[in-house]
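Q: Below is the structure I would like to discuss, written out as structure tokens.
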Amino acid sequence: MRVSILGAGAIAYGLAAYLAGSGHSPMLWSPSGQRTKGLATGELLKATGDIAATVPVRIAKDCKDAIANADVVVIALPAYGHRMVMDAAAPHLIDGIPVIISSHCSFGALYLSKRLAERKVSLPIVLWGTTLLTGRQLGPTEVHVTTIRQKLDVATLPFKAQDEGYGFCTSLFGDRFVKRDGMLAIALSNLNPQNHLGIALLNLTRMEKAEQWSQGGNVTPAAGRLIEALDAERLAIAAHFGIAVRTVQEHFSLSFHVPKGTVSEMNQEMDRQGRGGFGPTTIESRYILEDVPFGLLPTVLLGKITEKPATLHESGVSILSAAYGRDLRGDNDILPALGLEGIAKADLENLCRTGF
């Protein structure tokens with residue numbers, strides 16, 4: 001299939017390498033046009049790590065070019081770029097062509113649904129609970145893939161297109177997807193924001209001083225207990241909606257193949273296996289700049305709607321805003337456009353099933 005990937009970071013490069021190696025035809029669109037200059041001249045994309053391949057990749061000259069003749073469109077860039085990319089893509093999307101959001105956060109699928117409803121365009125919007133893979137770019141034409149997840153939560157908006165969205169995912173990326181009961185299940189299954197809050201908050205000076213530090217190794221018992229307490233808030237909100245979600249321990253076990261234990265014990269085991277990864281070496285990190293406004297804030301909102309306050313999540317937003325010297329809440333450009341503040345629980349549930 002012809003798969004157009006809107007984004008040009010490590011996740012987008014990794015997805016392109018995976019797809020090309022599986023016989024599909026990926027195309028990358030870099031919103032700035034800077035990252036893909038080398039690939040645009042015909043250089044091959046090299047992947048190392050869990051994907052070992054050197055493959056050709058098509059490069060789009062603009063968003064319209066990327067979407068034209070695509071069988072599937074994938075949005076694969078940090079959440080702070082989602083609205084910009086959705087605004088660029090919405091005028092060119094047509095009925096029936098699925099859009100995959102990797103990974104979904106901050107009710108971005110509702111924003112895209114709203115934009116498409118304005119044009120009376122109907123298509124399945126596929127939501128991933130997290131990214132298919134992890135990795136980092138080593139250069140303008142090279143990516144190192146650290147992990148390919150064996151299980152990945154997926155849902156589709158509108159819910160009636162669930163089987164269709166699941167089918168597209170499995171045909172492209174194999175039998176690794178787990179159907180979830182709609183957008184709210186996905187919204188409450190993305191553990192990265194809460195985990196990254198615990199990791200970054202308790203290692204912030206390491207990030208600021210650009211130290212090289214083991215992420216798994218520094219999920220100490222104290223950091224692990226904070227993550228577990230954050231997880232308890234998320235689980236309480238999910239229970240109020242009647243949604244079954246994995247615990248943080250279940251997530252680590254399934255994603256990283258370590259035996260269950262405390263969060264700290266599991267991360268220490270990942271570190272011993274050489275799979276603990278390295279923490280960010282700058283405070284200009286997605287762990288903060290993406291996950292605080294686009295991950296923690298939606299959980300805070302859901303806590304208010306369900307009257308199950310996410311006190312630690314909200315405190316984390318405030319503490320990190322103070323540390324950064326600015327209100328990180330204001331970085332979220334999706335939630336204000338949706339006007340979900342004060343929405344009734346039943347109305348939100350319906351909107352998350354049908355879209356606009």
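The values are calculated or read from the model by the stated rules, or taken from the named source; none is laboratory data. This one's a predicted model, so the numbers in the text were calculated from it and none came from an experiment. Positions of Cβ are backbone-derived with ideal geometry, glycine not excepted, and every protein chain shown enters the neighbour counts. Accessible surface areas use protein heavy atoms only, side chains included; no ligands, DNA or RNA. Shrake-Rupley method; radii C 1.70, N 1.55, O 1.52, S 1.80 Å.
Q: Given Lys151/Lys260; Lys120/Lys345; Lys160/Lys308, which pairs have Cα atoms separated by over 18 Å?
A: Among Lys151/Lys260; Lys120/Lys345; Lys160/Lys308, the Cα-Cα distance tops 18 Å for Lys120/Lys345; Lys160/Lys308.
Q: Further question on the same structure: Would you mind calculating the relative contact order of the chain from Cα pairs under 8 angstrom and at least 6 residues apart, reporting the percent as a whole number?
A: Worked out over the chain, it gives 16 percent.
Q: Report, for segment 32-167, the % of DSSP beta bridges that are antiparallel, rounded to 5.
A: So the antiparallel bridges in segment 32-167 amount to around 55 percent.
Q: From the C-alpha gyration tensor of segment 90-131, pull out the three semi-axes of the equivalent ellipsoid (sqrt of 5λ each), sorted largest to smallest, in whole Å.
A: One finds semi-axes of 19, 11, 7 Å for segment 90-131.
Q: Could you work out what % of the accessible surface of the chain is carbon and sulfur, using a 1.4 angstrom probe and leaving DNA, RNA and ligands out of the count?
A: C and S atoms contribute 51 percent here.
Q: Using Cα pairs closer than 8 Å and at least 6 residues apart in sequence, work out the relative contact order for segment 35-171, in percent.
A: Relative contact order for segment 35-171 comes out at 25 percent.
Q: A further question on this structure: Please list, by residue number, everything in segment 320-356 whose backbone N is under 12 Å from a paramagnetic label point 7 Å out along Cα→Cβ of Lys160.
A: Taking a point 7 Å out along Cα→Cβ of Lys160, the residues of segment 320-356 whose backbone N falls under 12 Å are 354-355.
Q: For segment 250-341, what is the convex hull volume of the alpha-carbon atoms per residue, in Å³?
A: 131
Q: Another question, if that's okay. So if we plug the beta-carbon distance of Asp87 and Thr354 into 1/(1 + (r/R0)^6) with R0 = 22 Å, what FRET efficiency do we get, rounded to 0.05?
A: Step by step, r from the Cβ atoms, then E = 0.50.
Q: Specify, per residue and in Å³, the volume enclosed by the convex hull of the alpha carbon atoms belonging to segment 1-85.
A: Details: hull volume 7.4 nm³, N = 85.
For segment 1-85, the hull spanned by Cα atoms encloses 87 Å³ per residue.
Q: Here's another thing I want to ask about it. Evaluate segment 150-211: find the radius of gyration of its Cα atoms, find its Kirkwood radius, and give the ratio Rg to Rh.
A: Working: Rg = 16.6 Å, Rh = 13.8 Å.
A ratio of 1.21.
Q: What are the GluC sites (Glu not before Pro) within segment 244-309 that DSSP puts in a loop, where the Cβ has at most 12 other Cβ atoms within 10 Å?
A: Hits after loop and neighbour filter: Glu284, Glu307.
Q: Which length gain, in nm to one decimal place, applies between Ala53 and Lys37 when the Cα-Cα distance is subtracted from 0.36 nm times their residue separation?
A: Stretched fully, the Ala53-Lys37 segment lengthens by 3.8 nm.
Q: Take the eigenvalues of the Cα gyration tensor for segment 248-292, scale each by 5, and report the square roots as semi-axes in whole Å, largest first. Mind showing how you got there, number by number?
A: Working: eigenvalues 104, 33, 13 Å².
After scaling each eigenvalue by five and taking roots: 23, 13, 8 Å.
Q: Give me the compactness ratio for segment 19-150, meaning the Cα radius of gyration over 2.2 N^0.38 Å. Display every interim value, and only then the final one.
A: Working: Rg = 15.0 Å, N = 132, 2.2 N^0.38 = 14.1 Å.
Cα Rg divided by the expected 2.2 N^0.38 Å: 1.07.
Q: Oh, and also: Per residue, how much accessible surface does the chain expose to a 1.4 Å probe? Answer in Å², no decimals.
A: With all protein chains present, the chain gives 40 Å² per residue.
Q: Have a look at segment 71-222 and give its Rg and Dmax from the Cα atoms, expressed in angstrom.
A: Taking only Cα atoms of segment 71-222, I get Rg and Dmax of 17.3, 52 Å.
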